[in-house]
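Data block below; observations after.
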Amino acid sequence: MEIADLHPWPEDQSEALEIQYRFRDEIITTGSLNGVGLIAGVDTAFDHNTDTLFASVCVFNFPDLTECERVSDSGKAIFPYVPGLHAFREGPVILKALARIRTRPDLIIFAGHGIAHPRRFGLACHLGLILDIPSVGCARKRLTGQHDEIDPEQGANVPLIVDNKDSGRVYRTREKVKPVIISPGHRCGINDAVNVVAKCLQGYRIPEPMRAAHRLANRIKRNNKKP
DNA sequence: GCGACAG
DNA sequence: ATCTTGTCGC
């Protein structure tokens, strides 16, 4: 898949912030997800012994959820872990992996946040904008924002408010299991984001494409360890 | 100063 | 994210 260079990747944190402020207004949180036939799940694994990041992409047919392609790539972790600047640590290696897939997905689910972010420009927004592909952020933990308590049953969800704005949903994917946080990345609204994730559930907490990518990334990491 | 803090 | 086995609860 062809990937354009929206901007060079900084090694400096203040430059990273500038980039987020510079592109945040280009995020479109509307769009129709009708006709989505290919969904990619993306996740990474990290080996702190070699300081290496492993990124995996698993492409699934939708809505039947059969896997049709999987790719991975790796790279040294350069940028430090800074909450709110995640795209700058994982973005480069994720794009390397995405460049390897044959077919352009109609939507991508990223392990991280979209607009549920201090500057409304989380990893899902950032990479969705670079790729110009509808994207959704599905995080396992809250980064910012407030929300009410959520009922224990599967499917229960409440709005996540960031700076007085409805920015996503805290969504219970499994009964009595810690909810995930879903927010739009790019070219997608809150309802569509939630609906897509809900339709990708297969009995586990994490939507299938992302779960497959998570397991693949960890497998690649394991296979790359020195005996 | 203190607590919070995606992966 | 990762370090890590068994264990308690559904």
inquiry  = Return the residues of region A:131-144 that are closer than 18 Å to A:Pro207 by Cβ and within 15 Å of DNA strand B (Cβ to nearest atom); say none if nothing qualifies.
reply    = A:Ser135, A:Val136, A:Gly137, A:Cys138, A:Ala139, A:Arg140, A:Lys141, A:Arg142
request  = Would you be able to say whether some residue in region A:1-21 is out of contact with any Gly (no Cβ under 7 Å at 6 or more places or on another chain), within 16 Å of DNA strand C (Cβ to nearest atom) and on the phi < 0 side of the Ramachandran plot?
outcome  = no
Residues within region A:118-149 that are assigned to a loop (DSSP other than H, G, I, E, B) and in contact with a Phe, Trp or Tyr (Cβ under 8 Å, 6 or more places away or on another chain), tallied = 2
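Every residue, every condition in (1) under 14 Å from the mean Cα position of the chain (by Cα); (2) within 15 Å of DNA strand C (Cβ to nearest atom); (3) aromatic (Phe, Trp, Tyr), yes or no:
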{"residue": "A:Leu127", "(1), (2), (3)": "yes, no, no"}
{"residue": "A:Arg142", "(1), (2), (3)": "yes, yes, no"}
{"residue": "A:Arg169", "(1), (2), (3)": "no, no, no"}
{"residue": "A:Lys176", "(1), (2), (3)": "no, yes, no"}
{"residue": "A:Gln202", "(1), (2), (3)": "no, no, no"}
key: region A:99-130: number of residues that are more than 24 Å from A:Tyr204 (Cα to Cα) and surrounded by fewer than 24 Cβ atoms within 10 Å (Cβ to Cβ)   = 11
task = Output the number of the condition that A:Thr44 fails; it satisfies all remaining conditions of (1) hydroxyl-bearing (Ser, Thr, Tyr); (2) outside any loop (DSSP other than H, G, I, E, B); (3) farther than 17 Å from A:Ser135 by Cα.
result = (3)
inquiry  = Being within 9 Å of DNA strand C (Cβ to nearest atom) and touching a residue at least 60 places away in the same chain (Cβ under 8 Å) is the filter here; which residues of region A:31-48 pass it?
reply    = A:Asp43, A:Thr44, A:Ala45, A:Phe46, A:Asp47
key: Within region A:79-108, tally of residues that are outside any loop (DSSP other than H, G, I, E, B), touching a strand residue (DSSP E or B) at 6+ places or on another chain (Cβ under 8 Å), away from DNA strand C (no atom under 14 Å from the Cβ) and not charged (D, E, K, R)   = 5
query = Can you name the residue in region A:145-190 that is farther than 27 Å from A:Pro105 by Cβ and basic (Lys, Arg) and is also farthest from DNA strand B (Cβ to nearest atom) among such residues?
reply = A:Lys176
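We did not get these values from a lab; they are worked out from the coordinates using the rules stated. Note that the structure is a prediction, hence the values are computed from the model and not measured. Please note: Cβ atoms are built from the backbone with ideal geometry, for glycine as well, and neighbour counts cover all protein chains shown.
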